[in-house]
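The values are calculated or read from the model by the stated rules, or taken from the named source; none is laboratory data. These figures come from a predicted structure and were not determined experimentally. Quick reminder, even Gly has a Cβ in these numbers, built from the backbone with ideal geometry, and neighbours come from all protein chains shown.
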Amino acid sequence: MVFIYIVVIVVGICGNSVVVYAFLRHRRLKTSTNGFIMCLVVSDVILCAFSLPVQLHYQLTNRWVYPKFHLLRHDTHAVVT
């Protein structure tokens, strides 16, 4: 399970970063549809960078070591993204 989490985190961050780079680099990609896709990409990068590592730690230790307000933020972020 740890291996799968790490692969998803790394591939998610790297793959979405390539999409962000392509969008910012090439002028013809700046359309309204691609702008919407960029919002989804940024949301996915945030999920992979901040939410999944916390979730992995929780799955491995089976206890929440962060303050209570982080629990609400983590749950909300996982649902919103």
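Details
- A count restricted to segment 3-51 and to residues that are out of contact with any Phe, Trp or Tyr (no Cβ under 9 Å at 6 or more places or on another chain) and more than 29 Å from Trp64 (Cα to Cα) stands at 18.
- Set side by side, the residues Leu47, Leu56 differ, and just one is in contact with a Gly (Cβ under 8 Å, 6 or more places away or on another chain), crowded, with 16+ Cβ neighbours inside 10 Å and under 27 Å from Leu72 (Cβ atoms), which is Leu47.
- Restricting segment 58-80 to residues that are at pLDDT below 80 and of a type in the set (A, V, I, L, M) leaves a set whose member that is nearest to Tyr5 (Cα to Cα) is Ala78.
- Filtering segment 11-33 to residues that are under 18 Å from the mean Cα position of the chain (by Cα) and among the polar types (S, T, N, Q) leaves Asn16, Ser17.
- Residue within segment 44-57 that is touching a Cys at 6+ places or on another chain (Cβ under 9 Å) and at pLDDT 90 or above present: no
- Test: residue in segment 11-20 that is among the β-branched types (Val, Ile, Thr), surrounded by 15 or more Cβ atoms within 10 Å (Cβ to Cβ) and in contact (Cβ under 8 Å) with a residue 24 or more places away in the chain: yes
- Among the residues of segment 23-76, those that are in a helix (DSSP H, G or I) and basic (Lys, Arg) comprise Arg25, Arg27, Arg28, Lys68, Arg73.
- Residue pairs meeting the criteria (Cβ under 8 Å; at least 6 apart or on separate chains; first under 14 Å from Ser17 (Cβ atoms), in segment 45-60; second β-branched (Val, Ile, Thr) and at pLDDT 90 or above): Val45/Ile13; Val45/Val20; Cys48/Val8; Cys48/Ile9; Cys48/Ile13; Ala49/Ile9; Ala49/Ile13
- Residue that is under 26 Å from Leu72 (Cβ atoms) and modelled with pLDDT of 90 or more, where the choices are Val8, Val19: Val8
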